[in-house]
1. Residue 129: touching a residue at least 24 places away in the same chain (Cβ under 8 Å) and part of a loop (DSSP other than H, G, I, E, B), yes or no?
2. Testing residue 65 on (1) under 30 Å from residue 129 (Cα atoms); (2) aliphatic (A, V, I, L, M); (3) in a strand (DSSP E or B); (4) open to solvent by 40 Å² or more (accessible area, probe 1.4 Å), one condition comes back false. Which one is that?
3. Sort through 92, 60 and tell me the only one that's more than 30 Å from residue 143 (Cβ to Cβ) and surrounded by fewer than 18 Cβ atoms within 10 Å (Cβ to Cβ).
4. Determine whether the range 95-107 contains at least one residue that is in contact (Cβ under 8 Å) with a residue 40 or more places away in the chain and assigned to a strand (DSSP E or B).
5. Go through (1) farther than 30 Å from residue 146 by Cβ; (2) at pLDDT below 85; (3) open to solvent by 40 Å² or more (accessible area, probe 1.4 Å) for residue 40 and report which single condition fails.
6. Just to be sure, is residue 83 farther than 25 Å from residue 58 by Cβ, in contact (Cβ under 8 Å) with a residue 40 or more places away in the chain and not charged (D, E, K, R)?
7. Output the residues belonging to the range 108-126 that are closer than 19 Å to residue 164 by Cβ, open to solvent by 50 Å² or more (accessible area, probe 1.4 Å) and without any contact (Cβ under 8 Å) to a residue 40 or more places away in the chain.
8. Please go through (1) within 20 Å of the chain's Cα centre (by Cα); (2) touching a residue at least 60 places away in the same chain (Cβ under 8 Å) for residue 71 and return the number of the only condition it doesn't satisfy.
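The values are calculated or read from the model by the stated rules, or taken from the named source; none is laboratory data. Please read these numbers as outputs of a predicted model, since none were measured by experiment. Heads up, the Cβs are rebuilt from the backbone with ideal geometry, glycines too, and the neighbour counts pull from every protein chain shown. To get the accessible areas, we keep the full protein, side chains included, count just its heavy atoms, and leave off ligands, DNA and RNA. Shrake-Rupley method; radii C 1.70, N 1.55, O 1.52, S 1.80 Å.
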Amino acid sequence: MRVVLPETECGASETAIDWNRTGIQGPTGPAGPAGPAGPAGASTSGLSASGRLVAPLEVAGRSAVLVPMTGSTWEQRAGELNLVYASVEVQAGPVCWDFGAPDVIGVFFIELILDGATVARAQASPELNARETVTLSAHLNSDLVASRAVEVRVFNTCERVEDVGTVTRSSFDVAAIG
């Protein structure tokens with residue numbers, strides 16, 4: 001066998017071979033090994049915090065209480081939007097004096113407090129011995145990592161201390177976006 005440049009002609013007893021030809025496709029080979037895992041991606045949404053009332057809480061007339069809840073602090077990441085949603089159920093007592101006379105309803109004012117500042121208010125006016133649920137919401141933006149705290153305060157507006165109402169249920173959820 002003699003190798004020559006493409007412009008060289010073959011002799012009488014020689015045959016030209018063209019090496020740049022594509023033949024028929026062969027069978028597919030076996031799969032290769034799996035590559036290494038990539039880095040974890042940034043979270044775009046999820047639940048950052050969630051809390052519940054520890055036990056029913058009595059609220060005397062003409063007073064306010066902070067409602068103790070589990071999980072009331074969390075860390076907010078930089079650039080993250082946090083949506084806070086709270087639900088509070090109150091029950092009026094059997095008697096509520098208002099403006100010097102017995103009333104047929106109890107009146108409660110509920111505040112959602114984030115990082116020590118009131119950000120939302122609601123009113124519940126259940127009939128005596130009945131329950132009513134209110135919801136409150138707010139949002140928090142942050143350019144920096146921030147420690148956050150949520151609280152709920154309930155005011156019983158009945159005039160007499162013995163006109164006790166009850167916080168029967170309270171919860172909150174914090175959804176993180178971004």
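1. Details: touching a residue at least 24 places away in the same chain (Cβ under 8 Å): yes; part of a loop (DSSP other than H, G, I, E, B): yes.
Answer is yes for this residue.
2. (4)
3. Working: 92 fails: surrounded by fewer than 18 Cβ atoms within 10 Å (Cβ to Cβ).
Answer to the check: 60.
4. Yes, there is a match, as at least one residue in the range 95-107 is in contact (Cβ under 8 Å) with a residue 40 or more places away in the chain and assigned to a strand (DSSP E or B).
5. Result: residue 40 fails condition (1) only.
6. yes
7. At the first step, the residues of the range 108-126 found to be closer than 19 Å to residue 164 by Cβ are 108-110, 123-126.
Keeping just the survivors that are open to solvent by 50 Å² or more (accessible area, probe 1.4 Å) gives 109, 123.
Residue satisfying the conditions is 123 alone.
8. (2)
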